[in-house]
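Structure, as structure tokens:
The values are calculated or read from the model by the stated rules, or taken from the named source; none is laboratory data. This is a predicted model, so every value here is computed, not measured. Methodologically, a virtual Cβ is constructed for each residue, glycine included, from the backbone with ideal geometry; neighbour enumeration extends over all protein chains shown. What goes into the accessible areas is simple: the full protein's heavy atoms, side chains included, and nothing from ligands, DNA or RNA. Shrake-Rupley method; radii C 1.70, N 1.55, O 1.52, S 1.80 Å.
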Amino acid sequence: LSLELDEGDPELTVAVAVLDLERFGRLNDGLGHEAGDEILVAVARTFERLPEEVRSVARVGADSFALLVVGEHPGAALAEAVDMSRDEMRGLLLSSGREIELTFRAGYVLVDAADEWRAEWYLEAADLALARSRSSRNALLVAYDSEMRVETEQRIVAERQLRRALADGRIEPWFQPVLRLSDGVCRGAEALARLRREDGTVALPAEFIPLAEEIGL
């Protein structure tokens with residue numbers, strides 16, 4: 001991450017952003033790699049017309065792009081860039097005659113000149129903001145804040161604890177009786193999962209089932 005600003009530039013702020021092309025993997029697999037390449041070419045052409053505050057664009061993954069944005073209000077410039085890209089990619093017509101709908105999600109972080117973070121840190125921070133955007137129903141663009149890193153660290157700890165509990169056999173089946181109201185006879189039972197922590201306390205399903213489903217456990 002290297003940038004030289006002109007001496008005549010006003011007070012400028014730098015932002016590092018990561019954009020994600022939604023559903024690209026499924027389209028690439030479903031329509032074929034030639035269609036996937038055609039989509040990427042269309043995206044590249046779209047990026048050629050981004051606001052002038054976008055100084056640099058690079059592809060950093062199969063469907064992810066990093067942007068270096070410089071301006072007095074880089075967040076606003078980035079929002080404009082996301083809107084432009086989404087509008088231009090809406091109803092993209094492929095050479096096969098098939099029309100597809102594409103949109104972007106994005107996360108970004110403002111660069112603090114007083115910090116000594118490396119470029120990799122800023123890309124990771126923008127990725128964390130992008131992850132928050134992916135998990136949101138409406139937020140297409142999300143700015144990084146320090147709480148995101150705390151949440152990520154907590155998630156890593158929770159995942160490690162869950163894997164350890166599985167290996168140690170501390171996922172227990174509990175059974176909730178299903179009673180017939182007319183006479184109180186037990187007609188069956190609902191099987192419930194409980195996680196026994198190492199200290200002997202019990203974690204409720206909401207504390208570990210969603211995570212287990214998300215990571216395939």
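Taken over the stretch 146-155, the criterion of being open to solvent by 80 Å² or more (accessible area, probe 1.4 Å) and free of Cβ contacts under 8 Å to residues at least 12 places away in the same chain is satisfied by E147, E151, E153, Q154.
Hey, does the stretch 134-145 have a residue that's more than 29 Å from D63 (Cβ to Cβ), modelled with pLDDT under 80, outside any helix (DSSP H, G or I) and open to solvent by 90 Å² or more (accessible area, probe 1.4 Å)?
Looking for residues that are more than 29 Å from D63 (Cβ to Cβ), modelled with pLDDT under 80, outside any helix (DSSP H, G or I) and open to solvent by 90 Å² or more (accessible area, probe 1.4 Å), one finds none in the stretch 134-145, hence no.
So which residues in the stretch 180-197 are open to solvent by 70 Å² or more (accessible area, probe 1.4 Å) and free of Cβ contacts under 8 Å to residues at least 12 places away in the same chain, if there are any at all? Give the derivation first.
Initially, the stretch 180-197 is screened for residues open to solvent by 70 Å² or more (accessible area, probe 1.4 Å), giving 180-183, 186-187, 190-191, 196-197.
Within the stretch 180-197, R180, L181, S182, D183, C186, R187 qualify.
Every condition in (1) touching a residue at least 40 places away in the same chain (Cβ under 8 Å); (2) farther than 24 Å from L211 by Cβ; (3) open to solvent by 30 Å² or more (accessible area, probe 1.4 Å) holds for D127 except the one numbered (2). Whenever a residue of the stretch 165-179 is under 14 Å from F208 (Cα atoms), its partners that are in a helix (DSSP H, G or I) and open to solvent by less than 70 Å² (accessible area, probe 1.4 Å), lying with C-beta atoms within less than 8 angstrom and at least six residues away or across chains, give the pairs I171/A165. Of all the numbered requirements in (1) touching a Phe, Trp or Tyr at 6+ places or on another chain (Cβ under 6 Å); (2) open to solvent by 20 Å² or more (accessible area, probe 1.4 Å); (3) not aliphatic (A, V, I, L, M), E72 misses one, and that requirement is (1).
Taking the stretch 87-96 on its own, how many of its residues are open to solvent by 50 Å² or more (accessible area, probe 1.4 Å), part of a helix (DSSP H, G or I) and in contact (Cβ under 8 Å) with a residue 12 or more places away in the chain? Before the answer, list the steps.
From the stretch 87-96, those open to solvent by 50 Å² or more (accessible area, probe 1.4 Å) are 87-88, 90, 93, 95-96; that's our starting set.
Subsequent filtering for residues that are part of a helix (DSSP H, G or I) retains 87-88.
Among the residues that remain, those that are also in contact (Cβ under 8 Å) with a residue 12 or more places away in the chain are: 88.
The qualifying residues number 1.
Suppose we keep only residues that are open to solvent by 70 Å² or more (accessible area, probe 1.4 Å) and either of a type in the set (V, I, T) or at pLDDT 85 or above (or both) within the stretch 6-40. Which one would you say is nearest to S96 (Cα to Cα)? Looking at residues that are open to solvent by 70 Å² or more (accessible area, probe 1.4 Å) and either of a type in the set (V, I, T) or at pLDDT 85 or above (or both), I get E34.
In the stretch 23-55, what residues are outside any helix (DSSP H, G or I), in contact (Cβ under 8 Å) with a residue 40 or more places away in the chain and closer than 19 Å to D127 by Cβ? Please lay out each step first, then the result.
Just the residues of the stretch 23-55 that are outside any helix (DSSP H, G or I), to begin with: 23, 32, 48-55.
Next cut, in contact (Cβ under 8 Å) with a residue 40 or more places away in the chain only: 23, 55.
Matches in the stretch 23-55: R23 only.
Across the stretch 97-118, the number of residues qualifying as open to solvent by less than 30 Å² (accessible area, probe 1.4 Å), of a type in the set (G, A, S) and at pLDDT below 85 comes to 0.
Can we say R55 is more than 16 Å from F104 (Cα to Cα) and surrounded by fewer than 19 Cβ atoms within 10 Å (Cβ to Cβ)?
Values: more than 16 Å from F104 (Cα to Cα): yes; surrounded by fewer than 19 Cβ atoms within 10 Å (Cβ to Cβ): yes.
The answer is yes for R55.
Summed over the stretch 157-212, residues that are assigned to a helix (DSSP H, G or I) and not small (G, A, S) total 14.
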